[in-house]
Amino acid sequence: MPDVMSSSRLIGVGVGPGDPELVTVKGVNALRAADVVVVPVMDTGERGRAEATVLHYVPQEKVVRVVFALNERTDHGRREAAWDAAGGRVAELLRAHGSVAFATIGDPNVYSTFTYLAHTVGELVPGVVVETVPGITAMQDLAARSGAVLTEGTEPLTLVPVTAGAAVLKDALNGPGTVVAYKFGRQAAEVAEALRETGRIEDAVWGSALGLDGESIRSAAELDGAPLPYLSTLIAPARRDGTRGGKL
């Protein structure tokens, strides 16, 4: 058993939005170097994007599935209990192994479950070293696949999780620069309305299941109010006059 106080390492590894080719070389090396790789699964037991991506690079026997309340947003008590259980399980793994990698879609420092896990484990395993390996985000992948330019010159970039409500998105759309919306699928109708009211729907694009079977990338002008997959991403590019270097 390792000396937990001095040698345990918890590494959050961003594995991108779903396409296994978008895992960085550093990310692959971190996954392979870890003693075990934890992947988050919902209590339904279905294989998630992180697990599917990880299995392209490490054998199944090295992967440990840990249940997280990924789909729980209303029952605070149930969510907290699930987080405690997940953190406890990862703490057990750290006590038995020198290093544990946690695979998260996107980037571990951008709206990631890893943030909460690291906080919980830090209280359970004193002295654990927490590290992260950055990953490609959904907005980067959608920009590449759709041709949308995220920023030019001095333009700001605003990232909004629509789980905070469509009103927050509308405020951002009324401001300058490019606006990116995450997790807007269940509020697609409100998002479309906000885009129309702010005059930004024509240039906006959205995508879901990026890099996976069933991938969809479309103009936001086609949004008809029907619900979309929860992990849908929207890019509303900054208003531009079409000149080269116009925002420098």
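The values are calculated or read from the model by the stated rules, or taken from the named source; none is laboratory data. All of these numbers come straight from a predicted model, not from anything done at the bench. So basically every Cβ, Gly included, is an ideal-geometry build from the backbone, and we count neighbours across all protein chains shown. All accessible areas refer to the heavy atoms of the entire protein, side chains included, with ligands and DNA or RNA removed. Shrake-Rupley method; radii C 1.70, N 1.55, O 1.52, S 1.80 Å.
A few points about this structure:
- Taken across segment 30-38, residues that are in a helix (DSSP H, G or I), modelled with pLDDT of 90 or more and open to solvent by less than 10 Å² (accessible area, probe 1.4 Å) do occur, with at least one present.
- Residue list for segment 166-194, restricted to those being closer than 14 Å to residue 233 by Cβ, open to solvent by less than 20 Å² (accessible area, probe 1.4 Å) and out of contact with any Pro (no Cβ under 8 Å at 6 or more places or on another chain): 169, 179, 180, 184, 191
- Qualifying residue in segment 56-74 (condition: assigned to a strand (DSSP E or B), free of Cβ contacts under 8 Å to residues at least 60 places away in the same chain and open to solvent by 60 Å² or more (accessible area, probe 1.4 Å)): yes
- Leading residue by the ranking (modelled with the lowest pLDDT) among those in segment 40-55 that are open to solvent by less than 70 Å² (accessible area, probe 1.4 Å) and in a loop (DSSP other than H, G, I, E, B): 45
- Segment 179-203: number of residues that are closer than 19 Å to residue 151 by Cα and aliphatic (A, V, I, L, M): 5
- Selection of segment 19-29 for residues being open to solvent by 80 Å² or more (accessible area, probe 1.4 Å) and either acidic (Asp, Glu) or closer than 20 Å to residue 129 by Cα (or both) yields 21, 26, 29.
- Among the candidates 94, 142, the residue that is buried (at least 21 other Cβ atoms within 10 Å of the Cβ) and touching a helix residue (DSSP H, G or I) at 6+ places or on another chain (Cβ under 9 Å) is uniquely 94.
- Residue ID - farthest from residue 102 (Cα to Cα), chosen from residues in segment 126-137 that are open to solvent by 20 Å² or more (accessible area, probe 1.4 Å) and within 20 Å of the chain's Cα centre (by Cα): 136
- Where strands (runs of 3 or more DSSP E) fall entirely within segment 95-213, those with at least 1 residues that are free of Cβ contacts under 8 Å to residues at least 24 places away in the same chain and either within 20 Å of residue 19 (Cα to Cα) or touching a Ser or Thr at 6+ places or on another chain (Cβ under 7 Å) (or both) are at 157-161.
- When residues of segment 145-165 are limited to those that are touching a helix residue (DSSP H, G or I) at 6+ places or on another chain (Cβ under 9 Å) and closer than 22 Å to residue 228 by Cα, the one most open to solvent (accessible area, probe 1.4 Å): 163
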